[in-house]
Structure formats: C-alpha cells, structure tokens
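Working notes for the structure below.
The values are calculated or read from the model by the stated rules, or taken from the named source; none is laboratory data. Fair warning: this is a prediction, and the values are worked out from it, not measured in the lab. A quick note on method: Cβ atoms are made from the backbone with ideal geometry, for glycine too, and the neighbour counts reach across all protein chains shown. For accessibility, only protein heavy atoms count, side chains too; no ligands or nucleic acids. Shrake-Rupley method; radii C 1.70, N 1.55, O 1.52, S 1.80 Å.
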Amino acid sequence: MISFLDKAVLQFDRALQTLVPHAANANRSSPADKLQEAELDQAERKHSSGLMRINHTGEVCAQALYAGQATTAKLSTVRQEMEKAAYEEIDHLVWCEQRLYDLGSRPSILNPLFYGASFMIGAGAGLISDKLSLGFVAATEDQVCVHLEKHLAAMPAQDEKSKAVLNQMHIDEAKHKAMALEAGGYEFPQPIMAIMTQVSKVMTSTTYRI
C-alpha cells in the first residue's frame, strides 16, 4: 500500500514535470511533426502563440486537477481512471509547449498559481465524493472542447501545425468527458456550467498575454 509520503513524493514529481519546461515526455508524437511550418507575420505569430499559451495552461490545470482527484478518490477504479486520463493529457502538455517554443514564445508565468489552485479543487471534489469528482472532470472537459473549437476557428488559417495539435486534443478531451460520465459522474446543472465559463474567460484572457 502506498504511504502518504510516497503519494506526496509522486505528486511533487508530477508537479515538476508539469511546470518545468522540457521536463515531461510525450507518449505519442505531436500531430504537428508531419506538417511544414507556415509563414506567419508578426501579428499572426503573436495570435497563435497566445492561443497555444491558453491551451498549454489548460493542460497544466488538467494535470493538477487529475492529480488532486486521484489523491483523494475513494474507489480504486476511479483513481485508476484519473491516473490514466492524466497520463494521456501529458501528450497535450508537451505538444502545446513544443508548439509555443516553435512559435518563438513561452508558457505562461502564472502556471504555478493555476496548478496549485486546480490541485486543491480536484482534491476537494474527490474528498466530497467520486461522483462529484467525475462530474467535475466531465464539466471541465466540456469547457475545454468548447474552447478548442473556438481556437480552431480563430487560429490563423495557414497555421496548420497548431490546428493539428488542437484537433487531436479535441478528440482526446471528448473521450475523457465520455469516460467520466460513463463512470458515474454527476452532470452539472447549467448555472454551474455558466459560472465555470466565466471563470475560464478570466483565465484565458490573462494567459493569452502573460
């Protein structure tokens, strides 16, 4: 049985891999690797970078959310599902980070703050119930899918590399949402979803620039 200290060490290692540039390794090749870099002017490059920075921060939050939920999940099956989802999300984290550097940009300096807040939210949801925890995953992934669709539409048309990354992320996030609901996740009512949307807007407007 894993002790509290063992869990703490594992979570600290995960945090480092998430927050330290180039520390994490993807399990799948980036969808952008097979495509040629497009010619982007300064404004287009800045816009692509801003959108990819938002998505990278979203993946930082996802790692923290899943880590917190896995730490406090009551059922081993739920814990395993959280760990599996987090494992798959590492690919997204690495792909977004790689794309940011390819565009001559960098991740948000606010990521440590977002990681800490997301971990606490995930752990808190897990402490209340696995049903709520899984419901929060489903609601979060729903929000992510909406953002990805908007970013795909807003991305410079010729930036096929960034769009390839976002397209695969959308496929994976939709799968994670379905997994959470099938596992018994609570479906949040519309007023709660609306609040989550407003909180997300504040985060995205901040990380686009910083």
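At a glance:
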{"item": "Test for LYS150: is it free of Cβ contacts under 8 Å to residues at least 24 places away in the same chain and more than 16 Å from ALA180 (Cα to Cα)", "result": "yes"}
{"item": "Residue satisfying all of: in the range 148-162; open to solvent by 10 Å² or more (accessible area, probe 1.4 Å) and farther than 13 Å from GLU44 by Cβ; farthest from the chain's Cα centre (by Cα) among these", "result": "ALA153"}
{"item": "Meets criteria (over 21 Å from SER49 (Cβ atoms) and either out of contact with any Asp or Glu (no Cβ under 9 Å at 6 or more places or on another chain) or modelled with pLDDT of 75 or more (or both)) for LEU181", "result": "yes"}
{"item": "Members of the range 35-85 found to be over 13 Å from GLY126 (Cβ atoms), at pLDDT below 90 and buried (at least 20 other Cβ atoms within 10 Å of the Cβ), listed by number", "result": "GLY58, GLU59, CYS61, ALA62, GLN63, ALA85"}
{"item": "Neighbours by Cβ (under 6 Å, 6+ apart or cross-chain): first from the range 124-147, closer than 17 Å to GLN190 by Cβ and of a type in the set (D, E, K, R); second modelled with pLDDT of 80 or more and part of a helix (DSSP H, G or I)", "result": "GLU141/GLU173; GLU141/HIS176; GLU141/LYS177; ASP142/LYS177"}
{"item": "Selection count, the range 122-144, where residues are within 22 Å of ASP172 (Cα to Cα) and hydrophobic (A, V, I, L, M, F, W, C)", "result": "7"}
{"item": "Looking only at the range 108-142, and only at residues there that are outside any helix (DSSP H, G or I) and touching a Ser or Thr at 6+ places or on another chain (Cβ under 7 Å), the one that is surrounded by the most Cβ atoms within 10 Å (Cβ to Cβ)", "result": "SER108"}
{"item": "Subset of the range 35-44 (residues that are assigned to a helix (DSSP H, G or I) and in contact (Cβ under 8 Å) with a residue 60 or more places away in the chain)", "result": "GLU44"}
